[in-house]
(Lines give C-alpha, C1' and ligand atoms only; values in the text may rest on other atoms or scores of the structure.)
Protein backbone atom coordinates (compact mmCIF):
# COMPACT_ATOMS: atom_id res chain seq x y z
CA UNK A 1 0.00 0.00 0.00
CA UNK A 2 2.77 2.43 0.96
CA UNK A 3 6.40 1.92 -0.08
CA UNK A 4 9.41 4.11 0.63
CA UNK A 5 12.53 3.15 -1.36
CA UNK A 6 15.72 4.93 -0.33
CA UNK A 7 13.84 8.15 0.35
CA UNK A 8 15.80 11.22 1.35
CA UNK A 9 14.60 14.68 2.15
CA UNK A 10 16.50 17.89 2.74
CA UNK A 11 15.28 21.23 4.08
CA UNK A 12 18.09 23.36 2.66
CA UNK A 13 21.14 22.01 4.44
CA UNK A 14 19.15 20.03 6.97
CA UNK A 15 18.87 16.33 6.14
CA UNK A 16 15.45 15.44 7.58
CA UNK A 17 14.92 11.95 6.18
CA UNK A 18 17.85 9.63 5.56
CA UNK A 19 17.63 6.54 3.35
CA UNK A 20 14.11 5.63 4.39
CA UNK A 21 12.93 2.15 3.37
CA UNK A 22 9.53 1.26 4.68
CA UNK A 23 6.71 -0.94 3.38
CA UNK A 24 3.23 -0.82 4.78
CA UNK A 25 0.63 -3.36 3.73
CA UNK A 26 -3.08 -2.92 3.35
CA UNK A 27 -4.88 -3.14 6.68
CA UNK A 28 -1.71 -2.67 8.66
CA UNK A 29 -1.45 -0.27 11.59
CA UNK A 30 2.03 1.21 11.81
CA UNK A 31 2.94 3.45 14.71
CA UNK A 32 5.94 5.73 14.33
CA UNK A 33 7.66 6.82 17.50
CA UNK A 34 10.86 8.63 18.32
CA UNK A 35 12.20 11.82 19.91
CA UNK A 36 11.02 15.17 18.59
CA UNK A 37 12.86 16.36 15.52
CA UNK A 38 13.51 12.80 14.41
CA UNK A 39 11.50 13.20 11.19
CA UNK A 40 8.34 11.28 12.15
CA UNK A 41 5.89 13.96 11.09
CA UNK A 42 7.83 14.71 7.92
CA UNK A 43 7.73 11.03 7.00
CA UNK A 44 3.96 10.89 7.38
CA UNK A 45 3.45 14.18 5.54
CA UNK A 46 5.41 12.83 2.56
CA UNK A 47 2.79 10.12 2.07
CA UNK A 48 0.17 12.61 0.81
CA UNK A 49 2.78 15.02 -0.52
CA UNK A 50 2.28 17.76 2.01
CA UNK A 51 6.07 17.48 1.91
CA UNK A 52 8.01 16.57 -1.21
CA UNK A 53 10.94 14.18 -1.16
CA UNK A 54 14.40 15.06 -2.46
CA UNK A 55 15.40 11.64 -3.78
CA UNK A 56 14.31 8.04 -3.79
CA UNK A 57 10.90 6.65 -4.63
CA UNK A 58 7.61 6.72 -2.75
CA UNK A 59 4.68 4.68 -4.00
CA UNK A 60 1.24 4.95 -2.42
CA UNK A 61 -1.72 2.93 -3.65
CA UNK A 62 0.30 1.96 -6.75
CA UNK A 63 0.94 5.62 -7.61
CA UNK A 64 4.33 7.33 -7.65
CA UNK A 65 3.61 10.22 -5.30
CA UNK A 66 6.28 12.57 -6.64
CA UNK A 67 5.90 11.77 -10.31
CA UNK A 68 5.19 14.80 -12.47
CA UNK A 69 2.18 13.12 -14.08
CA UNK A 70 0.57 12.14 -10.80
CA UNK A 71 -2.75 13.81 -10.12
CA UNK A 72 -2.10 14.52 -6.47
CA UNK A 73 -5.68 15.60 -5.76
CA UNK A 74 -6.91 12.24 -6.98
CA UNK A 75 -4.44 10.37 -4.80
CA UNK A 76 -5.32 12.49 -1.77
CA UNK A 77 -8.99 11.46 -2.00
CA UNK A 78 -7.87 8.06 -0.84
CA UNK A 79 -5.76 9.31 2.05
CA UNK A 80 -7.40 10.83 5.11
CA UNK A 81 -5.29 12.95 7.40
CA UNK A 82 -5.70 13.97 11.03
CA UNK A 83 -3.49 16.74 12.40
CA UNK A 84 -2.15 17.61 15.81
CA UNK A 85 -4.12 20.86 15.90
CA UNK A 86 -7.28 19.41 14.29
CA UNK A 87 -7.36 22.10 11.59
CA UNK A 88 -11.14 22.14 11.46
CA UNK A 89 -12.58 24.99 9.42
CA UNK A 90 -13.70 27.50 12.07
CA UNK A 91 -16.24 29.23 9.82
CA UNK A 92 -18.11 26.02 9.06
CA UNK A 93 -20.29 23.85 11.24
CA UNK A 94 -19.27 20.31 12.10
CA UNK A 95 -21.53 18.99 9.36
CA UNK A 96 -20.17 21.46 6.80
CA UNK A 97 -16.62 20.56 7.77
CA UNK A 98 -17.34 16.93 6.97
CA UNK A 99 -19.37 17.40 3.79
CA UNK A 100 -17.10 19.94 2.06
CA UNK A 101 -14.67 17.51 0.42
CA UNK A 102 -17.24 14.81 -0.48
CA UNK A 103 -19.46 17.34 -2.26
CA UNK A 104 -16.71 19.41 -3.93
CA UNK A 105 -14.18 16.68 -4.68
CA UNK A 106 -16.30 13.59 -5.23
CA UNK A 107 -19.37 15.45 -6.47
CA UNK A 108 -21.72 13.68 -4.08
CA UNK A 109 -25.09 15.35 -3.52
CA UNK A 110 -25.54 17.54 -0.44
CA UNK A 111 -28.15 15.17 0.95
CA UNK A 112 -26.08 12.04 0.54
CA UNK A 113 -23.00 13.76 1.95
CA UNK A 114 -25.00 14.77 5.02
CA UNK A 115 -26.16 11.22 5.57
CA UNK A 116 -22.60 9.96 5.28
CA UNK A 117 -21.43 12.69 7.65
CA UNK A 118 -24.06 11.73 10.22
CA UNK A 119 -23.04 8.09 9.93
CA UNK A 120 -19.44 8.93 10.79
CA UNK A 121 -20.47 11.37 13.51
CA UNK A 122 -22.40 8.51 15.11
CA UNK A 123 -19.32 6.40 14.77
CA UNK A 124 -17.09 8.89 16.58
CA UNK A 125 -19.82 9.39 19.17
CA UNK A 126 -20.93 13.00 18.70
CA UNK A 127 -23.94 13.12 16.33
CA UNK A 128 -25.51 15.76 18.62
CA UNK A 129 -22.77 18.24 17.68
CA UNK A 130 -23.56 18.21 13.95
CA UNK A 131 -24.65 21.83 13.88
CA UNK A 132 -22.13 23.21 16.34
CA UNK A 133 -19.12 25.28 15.33
CA UNK A 134 -15.65 23.91 16.11
CA UNK A 135 -15.06 26.66 18.68
CA UNK A 136 -17.96 25.27 20.72
CA UNK A 137 -16.35 21.83 21.05
CA UNK A 138 -13.71 20.45 23.39
CA UNK A 139 -10.37 19.41 21.94
CA UNK A 140 -11.28 15.74 22.04
CA UNK A 141 -14.57 16.41 20.27
CA UNK A 142 -12.84 18.52 17.63
CA UNK A 143 -10.34 15.79 16.94
CA UNK A 144 -13.12 13.23 16.59
CA UNK A 145 -14.82 15.50 14.08
CA UNK A 146 -11.51 15.71 12.22
CA UNK A 147 -11.40 11.91 12.11
CA UNK A 148 -14.99 11.78 10.84
CA UNK A 149 -14.04 14.38 8.22
CA UNK A 150 -11.22 12.14 7.01
CA UNK A 151 -13.39 9.03 6.99
CA UNK A 152 -16.21 10.67 5.05
CA UNK A 153 -14.05 10.47 1.92
CA UNK A 154 -14.00 6.70 2.40
CA UNK A 155 -10.19 6.61 2.22
CA UNK A 156 -7.94 3.58 1.87
CA UNK A 157 -5.35 5.03 4.22
CA UNK A 158 -5.61 7.23 7.31
CA UNK A 159 -2.64 9.28 8.47
CA UNK A 160 -2.47 10.55 12.05
CA UNK A 161 0.13 13.18 12.90
CA UNK A 162 0.31 13.33 16.71
CA UNK A 163 -3.48 13.32 17.02
CA UNK A 164 -3.53 13.52 20.82
CA UNK A 165 -0.56 15.80 21.51
CA UNK A 166 -2.67 18.96 21.74
CA UNK A 167 -5.38 17.40 23.90
CA UNK A 168 -5.82 17.65 27.62
CA UNK A 169 -5.26 14.27 29.29
CA UNK A 170 -8.94 13.70 30.06
CA UNK A 171 -10.00 13.73 26.41
CA UNK A 172 -7.11 11.72 24.95
CA UNK A 173 -8.93 8.46 25.70
CA UNK A 174 -12.00 9.25 23.62
CA UNK A 175 -9.87 9.95 20.56
CA UNK A 176 -7.74 6.85 21.03
CA UNK A 177 -10.90 4.75 21.38
CA UNK A 178 -12.11 5.91 17.99
CA UNK A 179 -8.73 5.11 16.48
CA UNK A 180 -8.72 1.65 18.03
CA UNK A 181 -12.14 0.94 16.57
CA UNK A 182 -10.88 2.04 13.18
CA UNK A 183 -7.83 -0.20 13.43
CA UNK A 184 -9.99 -3.20 14.32
CA UNK A 185 -12.10 -2.60 11.22
CA UNK A 186 -9.05 -3.08 9.05
CA UNK A 187 -8.17 0.51 8.11
CA UNK A 188 -4.60 1.01 6.92
CA UNK A 189 -3.20 3.48 9.44
CA UNK A 190 0.06 5.33 9.89
CA UNK A 191 0.18 6.98 13.28
CA UNK A 192 2.76 9.29 14.77
CA UNK A 193 2.19 9.36 18.51
CA UNK A 194 3.72 9.44 21.96
CA UNK A 195 0.93 7.25 23.37
CA UNK A 196 2.86 4.10 24.14
CA UNK A 197 -0.18 2.30 25.53
CA UNK A 198 -1.98 2.80 22.22
CA UNK A 199 1.10 1.73 20.26
CA UNK A 200 1.45 -1.43 22.30
CA UNK A 201 -2.19 -2.37 22.04
CA UNK A 202 -3.09 -1.44 18.47
CA UNK A 203 0.05 -1.40 16.32
CA UNK A 204 0.97 -4.26 14.05
CA UNK A 205 4.40 -2.77 13.83
CA UNK A 206 6.41 -0.09 15.61
CA UNK A 207 8.82 2.06 13.64
CA UNK A 208 11.40 3.84 15.76
CA UNK A 209 13.07 6.90 14.25
CA UNK A 210 15.94 9.08 15.36
CA UNK A 211 17.74 11.88 13.51
CA UNK A 212 15.95 11.18 10.25
CA UNK A 213 16.65 7.45 10.16
CA UNK A 214 14.51 4.43 10.85
CA UNK A 215 16.54 2.67 13.53
CA UNK A 216 14.23 -0.17 14.36
CA UNK A 217 11.10 -1.85 13.03
CA UNK A 218 9.43 -4.54 15.08
CA UNK A 219 6.09 -5.86 16.33
CA UNK A 220 5.13 -4.06 19.55
CA UNK A 221 5.55 -7.03 21.90
CA UNK A 222 9.08 -7.43 20.68
CA UNK A 223 9.91 -3.73 20.53
CA UNK A 224 8.69 -2.84 23.99
CA UNK A 225 10.04 -5.97 25.70
CA UNK A 226 13.38 -6.04 24.04
CA UNK A 227 14.42 -3.12 21.88
CA UNK A 228 17.52 -3.94 19.86
CA UNK A 229 18.88 -0.45 19.46
CA UNK A 230 20.56 1.36 22.31
CA UNK A 231 18.87 4.64 21.26
CA UNK A 232 15.45 3.00 21.34
CA UNK A 233 16.15 1.56 24.78
CA UNK A 234 17.17 4.99 26.06
CA UNK A 235 14.06 6.58 24.53
CA UNK A 236 11.74 4.01 26.08
CA UNK A 237 13.34 4.24 29.49
CA UNK A 238 12.90 8.01 29.44
CA UNK A 239 9.28 8.07 28.46
CA UNK A 240 8.07 4.98 30.30
CA UNK A 241 9.75 5.55 33.67
CA UNK A 242 8.24 8.75 34.91
CA UNK B 1 -24.46 82.19 6.41
CA UNK B 2 -24.73 79.39 3.95
CA UNK B 3 -26.95 80.17 1.02
CA UNK B 4 -29.48 77.37 0.81
CA UNK B 5 -30.96 78.67 -2.40
CA UNK B 6 -27.92 77.16 -4.12
CA UNK B 7 -28.99 73.63 -3.33
CA UNK B 8 -32.66 74.35 -3.98
CA UNK B 9 -31.99 75.95 -7.37
CA UNK B 10 -29.52 73.29 -8.47
CA UNK B 11 -31.11 70.26 -6.86
CA UNK B 12 -31.32 68.35 -10.15
CA UNK B 13 -27.64 68.83 -10.88
CA UNK B 14 -26.64 67.77 -7.38
CA UNK B 15 -28.84 64.73 -7.68
CA UNK B 16 -27.45 63.75 -11.05
CA UNK B 17 -23.90 64.10 -9.75
CA UNK B 18 -24.74 62.23 -6.58
CA UNK B 19 -26.32 59.41 -8.58
CA UNK B 20 -23.28 59.08 -10.81
CA UNK B 21 -20.91 59.18 -7.84
CA UNK B 22 -22.91 56.35 -6.23
CA UNK B 23 -22.87 54.43 -9.50
CA UNK B 24 -19.14 54.90 -10.07
CA UNK B 25 -18.40 53.97 -6.45
CA UNK B 26 -20.50 50.83 -6.51
CA UNK B 27 -19.08 49.64 -9.83
CA UNK B 28 -15.51 50.38 -8.76
CA UNK B 29 -16.11 48.79 -5.37
CA UNK B 30 -17.32 45.55 -6.87
CA UNK B 31 -14.71 45.56 -9.63
CA UNK B 32 -11.77 46.40 -7.40
CA UNK B 33 -12.81 43.78 -4.85
CA UNK B 34 -12.90 41.05 -7.48
CA UNK B 35 -9.74 42.23 -9.22
CA UNK B 36 -8.01 42.70 -5.85
CA UNK B 37 -8.83 39.14 -4.80
CA UNK B 38 -7.47 37.77 -8.07
CA UNK B 39 -4.24 39.75 -7.74
CA UNK B 40 -3.85 38.74 -4.09
CA UNK B 41 -4.21 35.08 -5.07
CA UNK B 42 -1.67 35.68 -7.87
CA UNK B 43 0.80 36.99 -5.32
CA UNK B 44 0.39 33.97 -3.09
CA UNK B 45 -0.24 31.09 -5.50
CA UNK B 46 2.56 28.53 -5.80
CA UNK B 47 3.41 29.73 -9.32
CA UNK B 48 6.44 32.00 -9.76
CA UNK B 49 5.17 33.79 -12.85
CA UNK B 50 1.87 34.70 -11.19
CA UNK B 51 3.69 35.95 -8.07
CA UNK B 52 5.76 38.20 -10.27
CA UNK B 53 2.78 39.51 -12.23
CA UNK B 54 0.85 40.23 -9.04
CA UNK B 55 3.78 42.04 -7.44
CA UNK B 56 4.40 44.06 -10.61
CA UNK B 57 0.76 45.14 -10.73
CA UNK B 58 0.68 46.26 -7.11
CA UNK B 59 4.02 48.05 -7.14
CA UNK B 60 3.33 49.79 -10.43
CA UNK B 61 -0.24 50.92 -9.85
CA UNK B 62 -0.11 51.96 -6.22
CA UNK B 63 3.00 54.04 -6.74
CA UNK B 64 1.57 56.41 -9.32
CA UNK B 65 -1.08 59.05 -8.63
CA UNK B 66 -4.69 58.05 -9.19
CA UNK B 67 -5.24 60.84 -11.68
CA UNK B 68 -2.51 59.46 -13.93
CA UNK B 69 -4.11 56.01 -13.88
CA UNK B 70 -7.37 57.64 -14.94
CA UNK B 71 -5.54 59.57 -17.66
CA UNK B 72 -4.26 56.28 -19.08
CA UNK B 73 -7.85 55.20 -19.65
CA UNK B 74 -9.10 58.60 -20.78
CA UNK B 75 -6.21 59.83 -22.95
CA UNK B 76 -4.06 56.72 -23.39
CA UNK B 77 -6.59 54.23 -24.72
CA UNK B 78 -7.93 56.50 -27.49
CA UNK B 79 -4.35 56.56 -28.83
CA UNK B 80 -4.72 52.81 -29.22
CA UNK B 81 -8.08 53.22 -30.90
CA UNK B 82 -10.26 52.48 -27.86
CA UNK B 83 -12.50 55.40 -27.02
CA UNK B 84 -14.28 55.43 -23.65
CA UNK B 85 -16.68 58.05 -22.34
CA UNK B 86 -15.37 59.99 -19.36
CA UNK B 87 -17.56 58.19 -16.81
CA UNK B 88 -16.38 54.74 -17.95
CA UNK B 89 -12.74 55.79 -18.17
CA UNK B 90 -12.86 57.33 -14.70
CA UNK B 91 -14.59 54.35 -13.13
CA UNK B 92 -12.17 51.91 -14.77
CA UNK B 93 -9.19 53.94 -13.59
CA UNK B 94 -10.60 54.06 -10.08
CA UNK B 95 -11.17 50.29 -10.14
CA UNK B 96 -7.68 49.46 -11.34
CA UNK B 97 -6.10 51.85 -8.85
CA UNK B 98 -8.09 50.70 -5.81
CA UNK B 99 -7.56 47.03 -6.71
CA UNK B 100 -3.83 47.40 -5.99
CA UNK B 101 -4.56 48.47 -2.42
CA UNK B 102 -7.28 45.90 -1.93
CA UNK B 103 -4.94 43.18 -3.19
CA UNK B 104 -2.46 44.04 -0.45
CA UNK B 105 -5.16 44.04 2.22
CA UNK B 106 -6.52 40.67 1.05
CA UNK B 107 -3.03 39.20 0.77
CA UNK B 108 -2.32 40.12 4.39
CA UNK B 109 -5.65 38.54 5.36
CA UNK B 110 -4.91 35.31 3.50
CA UNK B 111 -1.49 35.06 5.13
CA UNK B 112 -3.11 35.54 8.54
CA UNK B 113 -5.15 32.33 8.12
CA UNK B 114 -3.24 29.50 9.85
CA UNK B 115 -1.23 27.27 7.50
CA UNK B 116 -2.99 24.16 8.78
CA UNK B 117 -6.22 25.27 7.10
CA UNK B 118 -4.70 25.01 3.63
CA UNK B 119 -3.05 21.71 4.57
CA UNK B 120 -6.31 20.21 5.82
CA UNK B 121 -8.18 21.39 2.73
CA UNK B 122 -5.56 20.17 0.26
CA UNK B 123 -5.06 16.84 1.99
CA UNK B 124 -8.80 16.15 1.61
CA UNK B 125 -8.37 16.35 -2.17
CA UNK B 126 -9.57 19.92 -2.81
CA UNK B 127 -7.65 21.76 -5.51
CA UNK B 128 -5.71 24.90 -4.63
CA UNK B 129 -8.47 27.12 -6.00
CA UNK B 130 -11.22 25.19 -4.21
CA UNK B 131 -9.29 25.41 -0.95
CA UNK B 132 -8.93 29.15 -1.47
CA UNK B 133 -12.57 29.64 -2.30
CA UNK B 134 -14.21 27.48 0.36
CA UNK B 135 -11.71 27.51 3.22
CA UNK B 136 -9.14 30.32 3.08
CA UNK B 137 -10.96 33.31 1.56
CA UNK B 138 -14.05 33.16 3.80
CA UNK B 139 -11.76 33.34 6.82
CA UNK B 140 -9.51 35.97 5.26
CA UNK B 141 -12.50 38.21 4.44
CA UNK B 142 -13.42 38.39 8.13
CA UNK B 143 -9.90 39.42 9.00
CA UNK B 144 -9.78 42.12 6.33
CA UNK B 145 -13.19 43.75 6.89
CA UNK B 146 -11.80 46.72 8.89
CA UNK B 147 -8.92 47.59 6.52
CA UNK B 148 -11.17 46.86 3.56
CA UNK B 149 -13.70 49.36 4.91
CA UNK B 150 -10.98 52.00 4.90
CA UNK B 151 -10.24 51.25 1.26
CA UNK B 152 -13.91 51.57 0.33
CA UNK B 153 -14.22 54.92 2.06
CA UNK B 154 -11.12 56.09 0.21
CA UNK B 155 -12.65 54.81 -2.99
CA UNK B 156 -15.82 56.88 -2.58
CA UNK B 157 -13.78 60.01 -1.92
CA UNK B 158 -11.35 59.22 -4.73
CA UNK B 159 -14.27 58.96 -7.16
CA UNK B 160 -14.11 62.78 -7.20
CA UNK B 161 -11.28 62.29 -9.70
CA UNK B 162 -14.03 61.84 -12.28
CA UNK B 163 -14.67 65.56 -11.98
CA UNK B 164 -11.33 66.28 -13.61
CA UNK B 165 -12.25 64.44 -16.82
CA UNK B 166 -15.87 65.63 -16.89
CA UNK B 167 -17.16 62.32 -15.54
CA UNK B 168 -20.56 63.81 -14.54
CA UNK B 169 -20.06 63.01 -10.85
CA UNK B 170 -20.71 65.17 -7.79
CA UNK B 171 -17.42 67.00 -8.10
CA UNK B 172 -18.03 67.75 -11.76
CA UNK B 173 -21.45 69.26 -11.06
CA UNK B 174 -20.02 71.13 -8.08
CA UNK B 175 -17.52 72.79 -10.41
CA UNK B 176 -20.26 73.47 -12.92
CA UNK B 177 -22.63 75.07 -10.40
CA UNK B 178 -19.78 77.10 -8.99
CA UNK B 179 -18.78 78.47 -12.37
CA UNK B 180 -22.41 79.28 -13.17
CA UNK B 181 -23.15 81.07 -9.91
CA UNK B 182 -19.70 82.43 -9.07
CA UNK B 183 -20.24 80.99 -5.58
CA UNK B 184 -17.52 78.67 -4.33
CA UNK B 185 -17.68 77.97 -0.61
CA UNK B 186 -21.41 77.26 -0.32
CA UNK B 187 -21.52 75.11 -3.42
CA UNK B 188 -18.72 72.86 -2.21
CA UNK B 189 -20.13 72.65 1.31
CA UNK B 190 -23.15 70.90 -0.19
CA UNK B 191 -20.87 68.69 -2.27
CA UNK B 192 -19.09 67.68 0.94
CA UNK B 193 -22.42 66.94 2.63
CA UNK B 194 -23.34 64.57 -0.20
CA UNK B 195 -20.03 62.74 0.17
CA UNK B 196 -20.68 62.43 3.89
CA UNK B 197 -24.12 60.98 3.16
CA UNK B 198 -22.25 58.14 1.41
CA UNK B 199 -19.17 57.67 3.57
CA UNK B 200 -20.61 57.92 7.08
CA UNK B 201 -23.15 55.09 6.60
CA UNK B 202 -20.40 53.07 4.89
CA UNK B 203 -18.17 53.59 7.88
CA UNK B 204 -20.95 52.64 10.32
CA UNK B 205 -21.87 49.65 8.16
CA UNK B 206 -18.32 48.33 8.26
CA UNK B 207 -18.29 48.69 12.03
CA UNK B 208 -21.57 46.78 12.24
CA UNK B 209 -20.29 43.97 9.98
CA UNK B 210 -17.12 43.75 12.00
CA UNK B 211 -19.04 43.25 15.24
CA UNK B 212 -21.42 40.73 13.68
CA UNK B 213 -18.67 38.63 12.14
CA UNK B 214 -16.73 38.69 15.39
CA UNK B 215 -19.74 37.07 17.06
CA UNK B 216 -20.23 34.36 14.42
CA UNK B 217 -16.72 33.01 14.95
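Side notes on the structure shown:
- Restricting B:155, B:196 to those that are under 18 Å from residue B:30 (Cα atoms) and either free of Cβ contacts under 8 Å to residues at least 24 places away in the same chain or away from chain A (no Cβ under 14 Å) (or both) reduces the list to B:155.
- If the condition is being assigned to a loop (DSSP other than H, G, I, E, B) and either touching a residue at least 12 places away in the same chain (Cβ under 8 Å) or facing another protein chain (nearest Cβ under 9 Å) (or both), then segment A:97-107 contributes A:105, A:106.
- Flag for residue B:169 being more than 14 Å from chain A (Cβ to nearest Cβ), closer than 26 Å to residue B:195 by Cβ, loosely packed, with under 15 Cβ neighbours inside 10 Å and under 21 Å from the mean Cα position of the chain (by Cα): no
- Residue B:116 being more than 26 Å from residue B:207 (Cβ to Cβ), within 9 Å of another protein chain (Cβ to nearest Cβ) and surrounded by fewer than 19 Cβ atoms within 10 Å (Cβ to Cβ): yes
- Segment A:183-220, residues that are out of contact with any strand residue (DSSP E or B) (no Cβ under 7 Å at 6 or more places or on another chain) and assigned to a helix (DSSP H, G or I): A:184, A:196, A:197, A:198, A:200, A:201
- Considering residues of segment B:131-141 that are within 9 Å of another protein chain (Cβ to nearest Cβ) and buried (at least 19 other Cβ atoms within 10 Å of the Cβ) only, the residue modelled with the lowest pLDDT: B:139
- Among residues that are more than 14 Å from chain B (Cβ to nearest Cβ), over 18 Å from the mean Cα position of the chain (by Cα) and farther than 16 Å from residue A:93 by Cα, residue A:125 is included.
- Qualifying positions in segment A:3-26 - over 25 Å from residue A:236 (Cβ atoms) and touching a strand residue (DSSP E or B) at 6+ places or on another chain (Cβ under 6 Å): A:3, A:5, A:6, A:7, A:8, A:9, A:26
- Some residue of segment A:40-62 being within 25 Å of residue B:134 (Cα to Cα), assigned to a strand (DSSP E or B) and either free of Cβ contacts under 8 Å to residues at least 12 places away in the same chain or within 14 Å of chain B (Cβ to nearest Cβ) (or both): no
Okay, residues lined up against (1) in a helix (DSSP H, G or I); (2) modelled with pLDDT of 90 or more:
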| site | (1), (2) |
| --- | --- |
| B:22 | yes, yes |
| B:51 | yes, yes |
| B:63 | no, yes |
| B:67 | yes, yes |
| B:71 | yes, yes |
| B:84 | no, no |
| B:92 | yes, yes |
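- Residues located in segment A:63-96, provided they are outside any loop (DSSP other than H, G, I, E, B), more than 9 Å from every other protein chain (Cβ to nearest Cβ) and closer than 30 Å to residue A:135 by Cα: A:82, A:94, A:95, A:96
- Hits in segment A:161-172 (condition: loosely packed, with under 15 Cβ neighbours inside 10 Å and either away from every other protein chain (no Cβ under 14 Å) or assigned to a helix (DSSP H, G or I) (or both)): A:168, A:169, A:170
- Just so you know, in segment A:108-117 the residues that are part of a helix (DSSP H, G or I) and surrounded by fewer than 16 Cβ atoms within 10 Å (Cβ to Cβ) include one that is nearest to the other protein chains (Cβ to nearest Cβ), and it is A:110.
- Failed item, numbered, when residue B:150 is tested on (1) surrounded by fewer than 17 Cβ atoms within 10 Å (Cβ to Cβ); (2) within 14 Å of chain A (Cβ to nearest Cβ): (2)
- Test: residue in segment A:141-160 that is touching a residue at least 12 places away in the same chain (Cβ under 8 Å), away from chain B (no Cβ under 14 Å) and either in a helix (DSSP H, G or I) or in contact with a strand residue (DSSP E or B) (Cβ under 6 Å, 6 or more places away or on another chain) (or both): yes
The values are calculated or read from the model by the stated rules, or taken from the named source; none is laboratory data. What you see is a predicted model; the values in this text were computed from it and never measured. For neighbour counting, all protein chains shown are included, and Cβ atoms are generated from backbone atoms with ideal geometry for every residue, glycine included.
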